[in-house]
Amino acid sequence: MDFGPFLLLALMEGTVTAAVLALTAVGLSLTFGIMRVVNVAHGEFFMLGAVLAWFVTHWMAGPPWLAFSVALLVCPLIVASVAVLADLLVLKRLNYQPEATIVATIGLLYILQQAALSFFGPDARPVAAPFSFRVQLPWFGYSGYKLCVVLAALAVLALVWLLISRTKIGLVMRATQIDRDMARAFGVNVDNVYAGVFGLGAALAAVAAVLVVPIQQAHYLMGGDPLLLSFIVVIIGGLGSLRGTLVAAVLIGLSDGVISTFFAPTLAKIIATLLVALVLVFRPQGLFGKAAA
Amino acid sequence: MTNELSLTPSRRRVLQGIMGTGALTATGFFPGFAHAQSAAPIRLGFQLHRTGIGASYGRWYERTATAALARINAAGGISGRPVEIQFEDDGTDPARGAEVFGKLATEAGCDLVFGALFSHVVIGTAPRAAELKVPYLVCSEGHHVASGMLNRWTMQPGITDVKSQVQAMAPFVTANLGKKVTMVFPDFAFGHDHRDYFTAAVAAQGGEVIAQIAIPPTETSFTRYFPQIPAETEVLYHVMVGPAVLTFVKEIGEFYGTGAKPQLFGFMDSLEAVDIASPGLEFLEGSHFWEAHPRYKQADASAAETAYRAAVGVDDNGASVTDATDIATYSHMFSVWETLSVIKAGMEASGYQGPDDRAKFIEAVEAMTAFDEGEDHPQGAKTFNGKTHQAFGIQNISKVEGGKLTVVHKTAIEDGMYPDEVDYTTQAL
């Protein structure tokens with residue numbers, strides 16, 4: 001293949017990766033930024049979204065686009081409820097101590113993974129895309145659905161941005177992030193904010209998963225890669241910085257696409273991990289994070 | 001400091017403890033495993049890929065083993081003794097594979113262990129078999145048995161190895177599809193067998209492998225590998241395993257779209273447990289696949305094949321009789337059935353009584369030379385090489401026509417023969 005089309009394909013693949021990654025990582029970044037909880041189970045919320053999407057589309061009659069739309073609405077809500085429950089029953093009782101919550105979310109990771117194995121089974125199962133058309137370029141064909149995933153992810157990210165910067169809910173969230181005690185003194189119910197943020201973070205992972213499942217299939221072990229990449233993105237972007245997370249997602253997504261197409265996907269992961277190490281050494285607060293006081 | 005020291009037991013107490021334990025053992029307080037009575041059931045261990053990347057194979061291997069077991073017990077068991085199978089999940093993981101083997105062989109007291117498919121699990125487990133001196137009969141296709149990499153306790157009597165398969169089929173590929181071949185294969189032992197032996201076999205036919213693209217078996221997205229396929233490729237040879245095989249073939253279809261594409265020659269592994277009628281796979285029409293055992297019942301199917309298909313619960317289209325969307329791993333699972341047939345024959349020929357006769361069992365199987373087609377070997381006749389511990393059978397090349405696979409070429413057993421690379425019988429038992 002010539003260099004031009006080769007690069008085009010690499011960029012297209014990278015854009016899809018970046019879009020899905022941005023959604024997943026923003027969820028992780030929110031829970032860390034506002035709650036200071038390192039959610040190791042984030043990848044399992046992603047997996048749960050995909051697995052639930054399979055159940056919804058499998059048991060619903062009607063055209064694929066209808067079943068998929070229902071899945072896109074319902075699955076994030078279910079995943080968010082699971083997350084809220086986990087927050088109220090576990091994290092809140094640990095007073096959100098950093099060490100304790102890491103161990104607790106590791107436990108949650110195993111519970112969710114084994115639950116999926118028990119109820120969903122060990123097989124990878126396909127979910128039909130809501131529509132299937134192929135974009136036939138002169139050099140290669142490309143899935144039209146993949147391009148729509150990018151648009152959908154952008155739309156959801158725009159909504160998240162509006163929520164945080166333009167609504168009262170967002171104001172309360174930001175206030176809690178800046179100073180939890182002061183927010184409480186002003187009458188903000190911090191417990192509700194935390195539960196909501198944990199649910200929102202999980203829901204974003206689930207949205208990403210529902211969007212990606214027609215491309216990837218649902219599988220009980222699919223949470224590993226998104227977790228690793230999200231952590232990479234969040235660390236590079238700066239813990240808790242949404243802008244940094246987005247920039248890092250685009251950076252990692254595109255470089256992943258280009259490096260893995262031109263060289264090898266394993267090399268792309270090596271470079272991304274190396275980048276994390278360099279950021280931690282030379283700029284521990286991340287590209288856009290504020291230096292620790 | 002004083003507190004910490006007081007926690008350490010004194011030398012005298014430790015010595016007393018050791019002597020006490022020794023006395024108990026010497027007086028037979030801990031009974032050893034009682035030797036099996038001759039009418040007691042024969043226990044076979046099954047190393048099963050129930051979870052992990054081999055799960056779709058595992059599901060069908062368990063069903064096949066259960067069906068084969070029922071048939072053998074209905075016919076009087078082995079040497080008149082009933083047979084039991086203990087299934088243990090290895091998670092398709094080499095480390096767990098070796099642990100599971102140890103558990104089956106020692107704790108569960110199984111007479112032997114069989115059933116593993118994935119080559120990394122087999123290679124990780126085989127040393128344990130030699131250590132414990134317990135027969136390990138694999139259903140793996142890998143060339144690692146016949147190459148001499150493993151040991152005298154590991155055998156593969158139920159399925160032809162990859163080296164033989166690809167050598168038998170290369171002439172068809174170069175004569176009918178094209179001479180410039182690009183290979184896409186999983187990046188672990190099984191895929192490396194394909195890479196090495198198919199490349200050599202194509203070269204022997206005057207063709208050339210112009211690119212080799214290795215993909216990790218845990219990969220979930222494949223499009224980014226495809227630009228490495230050179231434009232002058234005449235045949236795309238693909239073989240893939242793992243949970244994402246459907247995504248793999250779908251993305252090949254998306255990549256080539258309606259544009260020009262090379263001839264496709266796939267190993268059935270790329271489609272095992274996947275419905276050819278899945279949306280997005282229409283492009284496979286007219287392409288060729290290797291099959292060890294044809295998924296769709298062919299017009300000339302033997303009575304033994306028909307009986308086997310019914311026994312394992314697979315319909316004429318290769319799906320479960322109870323669920324048409326549950327597609328079998330039909331091209332591989334016969335190896336479980338046939339391996340159990342060999343176990344029965346080997347135990348009966350050696351006069352197997354219990355674990356003390358494990359070495360006699362190995363020697364009895366090594367003495368075998370051929371398996372006739374029939375209910376014991378429904379996939380077809382095979383020759384068995386006792387020195388290399390490897391079986392050799394016929395291979396099928398099928399073409400996708402009207403959304404179904406039809407066999408267009410059958411190889412002869414001789415097409416897949418190669419000189420011995422090892423003589424396991426020279427190793428001590």
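Rounded to the nearest whole angstrom, the semi-axes of the ellipsoid equivalent to the range B:174-224, taken from the Cα gyration tensor as √(5λ), stand at 23, 13, 7, largest first. Would you mind checking the range B:208-232 for residues with the amide N under 16 Å from a putative spin-label position 7 Å along Cα→C-beta of A:Leu137? Zone members listed by number: B:222-229, B:231. Rounded to the nearest 0.05, what FRET efficiency do A:Phe263 and A:Leu228 have when you use their Cβ-Cβ distance and R0 = 30 Å? Efficiency at R0 = 30 Å is approximately 0.95. The residue list A:Gln114, A:Val51, A:Asn189 was ranked by how far each Cα lies along the charge dipole of the range A:20-222 toward its positive end, using unit charges on Cβ atoms, and A:Asn189 comes out on top. Determine the sum of side-chain charges near A:Thr176: Lys and Arg each +1, Asp and Glu each -1, restricted to other residues whose C-beta is under 12 angstrom from that of A:Thr176. Taking every other residue near A:Thr176 into account, the sum is +1. For chain A, the relative contact order is 38 percent, taking Cα pairs closer than 8 Å that sit 6 or more residues apart in sequence and dividing their mean separation by the residue count. What spacing in nm lies between the two simple spin-label points modelled at B:Glu375 and B:Ala39, each 7 Å away from Cα in the Cβ direction? Spacing of the two 7 Å Cα→Cβ label points: 2.6 nm. Taking the 0 to 90 degree range and rounding to the nearest ten, how far is the long axis of helix B:330-350 tilted relative to the main principal axis of chain B, both from C-alpha atoms? The helix B:330-350 is inclined about 40 degrees to chain B. Figure legend: label point modelled 7 angstrom from the Cα of B:Lys179 along Cα→Cβ; residues of the range B:207-230 with amide N under 11 Å from it are B:207-208.
A Förster distance of 25 Å, applied to the separation of the beta-carbon atoms of A:Asn189 and A:Glu99, puts the FRET efficiency at 0.45.
Charge tally around B:Ala304: other residues with Cβ under 9 Å, Lys/Arg +1 each, Asp/Glu -1 each, net -4. A Cβ-based charge dipole, computed about the Cα centre of the range A:20-222 with Lys and Arg at +1 and Asp and Glu at -1, lands at about 340 debye. In the range B:31-171, the ratio of gyration radius to Kirkwood radius, Rg to Rh, stands at 0.99 when only Cα atoms are counted. Using R0 = 25 Å, the C-beta based FRET efficiency linking B:Ala70 and B:Lys360 works out to 0.40. For chain B, the alpha carbon positions stretch 83, 63, 45 Å along the principal axes, listed from largest to smallest.
The C-alpha atoms of chain A define a longest principal axis, and helix A:242-262 lies at about 30 degrees to it.
Here B:Lys103 is the anchor, and the aspartates and glutamates within straight C-alpha reach of less than 20 Å, apart from those fewer than 8 places off in the same chain, are B:Glu62, B:Glu84, B:Glu88, B:Asp89, B:Asp90, B:Asp93, B:Asp111, B:Glu131, B:Asp356, B:Asp357.
When only Cα pairs below 8 angstrom with a gap of at least 6 residues are kept, chain B shows a relative contact order of 16 percent. Residues whose amide H lies under 5 Å from that of A:Val37, counting only those 5 or more places away or on a different chain, are A:Phe32; hydrogens are built 1.01 Å from N in the peptide plane. Measuring between their Cα centroids, the range A:167-210 and the range B:374-429 lie 63 Å from each other. Going from the fewest other Cβ atoms within 10 Å to the most, the residues B:Ser398, B:Ser140, A:Ser165 appear in the order A:Ser165, B:Ser398, B:Ser140. The packing ranking, built from the mean of other Cβ atoms within 10 Å per residue, places the peptides B:161-172, B:89-100, B:330-341 in the order B:330-341, B:161-172, B:89-100, highest first. If you model the protein assembly as shown as an ellipsoid using its alpha carbon gyration tensor, with each semi-axis the square root of five times an eigenvalue, the axes come out at 48, 37, 23 Å, biggest first.
Based on DSSP H segments of at least four residues, each scored -39500 (n - 2.57), the protein assembly as shown has a per-residue ellipticity at 222 nm of -17000 deg cm²/dmol. 3J(HN,Hα) couplings calculated from phi for the range A:168-185 with the Karplus curve 6.51 cos²θ - 1.76 cosθ + 1.60 (θ = phi - 60°) are, in sequence order, 5, 4, x, 4, 5, 4, 5, 4, 5, 4, 6, 7, 4, 5, 5, 4, 5, 4 Hz; Gly and Pro show x. Phi-derived couplings, Karplus 6.51 cos²θ - 1.76 cosθ + 1.60 at θ = phi - 60°, listed residue by residue for the range B:268-274: 4, 3, 5, 10, 4, 6, 10 Hz, with x used for Gly and Pro. The label point for B:Thr322 and the one for A:Ile111, both projected 7 Å from the Cα toward the Cβ, are 3.2 nm apart.
The base-10 log of I(q)/I(0) for the range A:174-243, evaluated at q = 0.18, 0.23, 0.29 Å⁻¹, reads -0.86, -1.08, -1.25 [Debye formula, identical scatterers on Cα atoms, solvent excluded].
Hey, got the dipole for the range B:77-148? About the Cα centre, +1 on K and R Cβ, -1 on D and E Cβ, debye to the nearest 20? My answer is approximately 220 debye.
Computed about the Cα centre, the dipole magnitude for chain B is approximately 1080 debye when only Lys and Arg (+1) and Asp and Glu (-1) carry charge, each at its Cβ.
For the range A:53-114, the orientation-averaged shadow of the C-alpha convex hull comes to 4.8 nm² (one quarter of the hull surface). With 23 Å as the limit on Cα-Cα distance, the pairs of B:Lys261/B:Lys410; B:Lys180/B:Lys382; B:Lys297/B:Lys387; B:Lys297/B:Lys410 that go past it are B:Lys261/B:Lys410; B:Lys180/B:Lys382; B:Lys297/B:Lys387. Expressed to the nearest 5 percent, the antiparallel share of DSSP beta bridges inside the protein assembly as shown is 40 percent. Derived value for the range A:20-222: Kirkwood hydrodynamic radius 17.7 Å. Basis is the mean of 1/r over every pair of different alpha-carbon atoms. Rounded to the nearest 10 degrees, the inclination of helix A:190-216 to the longest alpha-carbon principal axis of chain A is 10 degrees.
No lab work stands behind these numbers, since they all come straight from the coordinates. This is a predicted model, so every value here is computed, not measured. Here Cβ is always computed from backbone atoms with ideal geometry, including for glycine, and neighbour counts include all displayed protein chains.
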